Every structure is written in structure tokens, then in C-alpha cells.
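Below is one structure, written out as C-alpha cells; the observations come after it.
Bear in mind that the values in this text are calculations on the coordinates, not laboratory data. Fair warning: this is a prediction, and the values are worked out from it, not measured in the lab.
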Amino acid sequence: LQQTSATLTASEHDAVSNPKQSRKRKLPPVPQLIVTKEDVIQEHINSIIRLDNIIQKGSTKTTQKSYARQSTKLKQQQKQVQQAKSNAARVSNSRSSGSLFTQKPHEATYDKEKDKKRKEESYYEDLA
């Protein structure tokens, strides 16, 4: 190896001692857009229209029926809550007064065995 005794200039010395500074590039300034209130309102209206169109495309008769079932179920639950609130004032704390939980209809819970049988039946129906 041969070593040179040449001295470095000031710019070369800065590049060797601090290589990160020499690599920095100045990016051109980004032009800023002037957005008016009308543009913001129009863009919001357009986004609402796009969302409405997407919902209409995705809604079929089955989804509408499902929505109707869910909404009626929700309405029934809200009605029961309102009735429970109105009955709470009338119901005393005696043994003869029934609990609101006992008056509720039984709701089926998830059963692994029933689900397994249902899946097998649907599988074999598809094969037949």
C-alpha cells in the first residue's frame, strides 16, 4: 500500500469527515394548493354519493331481508327494555312478583354438535 501525503481541500475534508451531509439533496418545494370552503363541501358531497352508490350495489334482497330481521329484533329488544323500565315501578320485591329474566323467552346458545351435524348434512347435500 502506498500512502500519499497530499493534503485535502476544505470541501473534500468535509465530505470525508461527514459523509451524510454531502449526500443530502434539496427537494424542490411542494406547491401548496389553495382549498376553498366550497371545494371541501363539494368533496364531502361526492364522498357521500360514492358511499351511497357502493351501498346500493352491495345491497341485494337477502341483505335487505337480513337488515329487516335485525331491525325488527332490535325494535323488539328496545320495546322489552321500555316495558321493563315501566314495570320496574309497579313490580314489588315480593316473592310472588316474577323476575323479568324468567319472563324472557329462552334463547338458544351455540352448540358444537348441532353445528357439526348441520355442516355434514350440507356437505352431503352438495354431493348428492
Taking the alpha-carbon distance from Lys57 and a cut-off under 18 Å, which lysines remain once sequence neighbours fewer than 8 residues away in the same chain are dropped? Lys65
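Given Lys75/Lys104; Lys75/Lys117; Lys61/Lys112, which pairs have Cα atoms separated by over 23 Å?
Working: Lys75/Lys104 15 Å; Lys75/Lys117 33 Å; Lys61/Lys112 30 Å.
In this structure, Lys75/Lys117; Lys61/Lys112 lie more than 23 Å apart at Cα.
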